[in-house]
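Heads up: the structure comes next, in structure tokens.
Nothing in this text is a laboratory measurement; each read-out follows from the coordinates by a stated rule. No experiment lies behind these values; they were computed from the predicted model shown. Cβ placement follows ideal geometry from the backbone for every residue including glycine, while neighbour counts extend to all protein chains displayed.
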Amino acid sequence: MNTGVIWKELQDEQNCDILQFTTELAIRTIKLGVPAASFMETVKRLKAEGAYLLTMTGVDERDYNGHFSVYSVFGLPGDTTLVETKIVLNAENPTFTSISPVMPSAHWLEREIKDMLGIVPYGHPDLRRVAVHPDWPQDVFPMRKDFIAGRQVPRVQGEMQFCKVEGEGLYQVPVGPVHAGIIEPGHFRFFTFGEDVINLQAQLFYTHRGIEKTAEGKHFLDAVLVAERVCGVCSASHAVSYAQAIESLAGINAPLRARYIRTVLLEMERLYNHVGDIGNMCAGIGFSFGISRGAELKERLMRMNMKLAGHRYLRGTVVPGGVKIDLKDTEGIGRALDTVKRELKELTDTMLSSQSLLDRMQTTGVLPTDAARDLGATGPAARASGVNRDLRREFPYAAYRRVSFQVPIQHEGDVYCRLIQRIEESEQSFDIIRQVFNNLPAGELQAPITYLQPYHTAVGYTESARGANVHWVMSGPDNTVYRYMVRSASHCNWPVVPLCLPGNIVPDFPLINKSFELCYACLDR
């Protein structure tokens, strides 16, 4: 791929400006200023070269330059290049051409930009609300700078909006937002013919905490405490994503030892999530042995986290510039991991020898490859459907360029494939941790960061247990965060879950849902 030709064509044909060109750890970042009228054609050109959307956000920049802007970040994996586009919008009537018709993975992001900033994506096929609920006033936009965090907003009358599903003998089955399990809230509306699911629609964002608004105005070192609390069980991956964005803004790299330690933290987090999810999938079919053994093995891994890094959920371990902790007792932890690896193999062999388990999982909840790719599914959910993407390999960070690992891929996209995907990824994680333990370099744990130039942007990312966690940061005056946007793996994957239900029956929903094991909190933020 001749990227030099691409940028020249975009300059000549679409009047794009190259605002910045940088290279960090062999990953190139190109920032393009794109005329709003050329946005669609620019995206089409990037897509033709194999680019896919990582994140997209709006920013209220009226207080320092008098306009709104929309920033989008694309990955060009074949060229190890990240492309950030910026379009500038009129402050009085902020609208832009929706790219969802050509890049469907933007559809929730564009709707969220409208809900949170009042920036309208013209030509979007579905402008129903997604991030705010029906009782939220139409003219109040939480991510504008003139909205004061914590203010009481008077509520209005409103009804949930669902796409019409009509036909003789169809019934609606409402489930949630309060569920029987100990889980977060979400409302699911099933349209059924008998027990057969014809259509599923969801109303989420019940647990919106104002994470991004909370980070605004904070010193960049303080905001990492916000980042690692986006999700309870992905603390390390969110913290590393945020830290890498700040390091990019500062123009520094974390020390090599710190990058190796981050790799261990990230793979330990992947392991306890995958092992727990393998057990949780058994709950969807009442396979008690798998539930209890999965929970036991997950608990042992979390106790190893405590020994290794000082926190069961690995909080307080990562800071911009490096890590706060050194690893403890790697030899003992390595032996304990070998034991868990062996016992996990025994558990999964038992599970896969159960014909009743296979009957429930195989051909259930199929996510087609094209749908997964087009809608931007990520992580095990995408790879189980044949989408061969993994940020650890395509845009290496931490120490992933220095370890050897495979990216497992399945092809059928059903619940069974999502189980096998987690099993095979767990095997890779055990091996990655062993490699890091055997080759941990000496050196410093942190590189100092003293200054961020105001109103610059950067992106950080990790491949978490659920998929890509992408954090976009704009710096503000006095080393503060001006705008912070988190696109979690769950934000990518929730839109594809309803596609897996038609052709299945209502009792299969808990199993299908658990096979994705998505997080409400890191979607809602």
Tell me, what is the FRET efficiency for Ala180 and Glu343 to the nearest 0.05, using R0 = 25 angstrom and their Cβ-Cβ distance as r?
-> 0.25
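Tell me the Kirkwood hydrodynamic radius of the stretch 211-524 in angstroms, computed as one over the mean inverse distance between distinct C-alpha pairs.
On the way: mean 1/r = 0.0506 Å⁻¹.
Hydrodynamic radius (Kirkwood, Cα only) of the stretch 211-524 equals 19.8 Å.
Counting pairs of alpha carbon atoms under 8 Å apart in space and at least six apart in sequence, what relative contact order in percent does the stretch 107-184 give? Each step should come with its number before you reach the end.
Working: 58 pairs, mean separation 18.3, N = 78.
Averaging sequence separation for qualifying contacts and normalising by length gives 23 percent for the stretch 107-184.
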Amide H contacts under 5 Å for Phe68, restricted to residues at least 5 apart in sequence or on another chain and with H modeled in the peptide plane, are Glu61, Leu89, Ala91
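Please work out whether the stretch 387-525 counts as rounded, prolate or oblate from its C-alpha gyration tensor, where a ≥ b ≥ c are the square roots of the eigenvalues and a/c under 1.5 means rounded, while otherwise a/b larger than b/c means prolate and anything else oblate?
Note, shape of the stretch 387-525 comes out oblate.
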Going down the table (Lys213/Lys514; Lys298/Lys345; Lys145/Lys324; Lys47/Lys86; Lys8/Lys114; Lys8/Lys31), which pairs top 21 Å between alpha carbons?
-> Lys213/Lys514; Lys145/Lys324; Lys8/Lys114
Classify the stretch 217-269 as rounded, prolate or oblate from the Cα gyration tensor: take a ≥ b ≥ c as the square roots of its eigenvalues, call it rounded if a/c is under 1.5, otherwise prolate when a/b beats b/c and oblate if not.
-> oblate
In nm, to one decimal, how far is the Leu170 label point from the Ser292 one, both placed 7 Å along Cα→Cβ?
-> 4.4 nm
Can you give the FRET efficiency for Asn90 and Tyr64, using 1/(1 + (r/R0)^6), R0 = 22 Å, r = Cβ-Cβ distance, to the nearest 0.05?
-> 0.85
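Expressed in whole Å with the largest first, what are the equivalent ellipsoid semi-axes of the stretch 326-389 derived from the C-alpha gyration tensor as the square root of 5 times each eigenvalue? Working shown, then result.
Numbers: eigenvalues 203, 95, 8 Å².
So the equivalent ellipsoid measures 32, 22, 6 Å along its semi-axes.
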Extension gain Asp135-Asn253, at 0.36 nm per residue separation less the Cα-Cα distance, in nm?
-> 37.9 nm
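Would you mind getting the Kirkwood hydrodynamic radius of the stretch 240-390 from its Cα pairs, rounded to one decimal in Å?
Numbers: mean 1/r = 0.0565 Å⁻¹.
The answer is 17.7 Å.
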Contour minus Cα-Cα span, Thr23 to Arg393, at 0.36 nm per residue, comes to 131.5 nm
For the chain, average projected area of the Cα convex hull in nm² = 23.6 nm²
Placing each pseudo-label 7 Å from Cα in the direction of the beta carbon, Thr363 and Leu225 end up separated by a distance in nanometres of 5.5 nm
Over all directions, average the projected area of the Cα convex hull of the stretch 3-122 and note it in nm².
-> 7.4 nm²
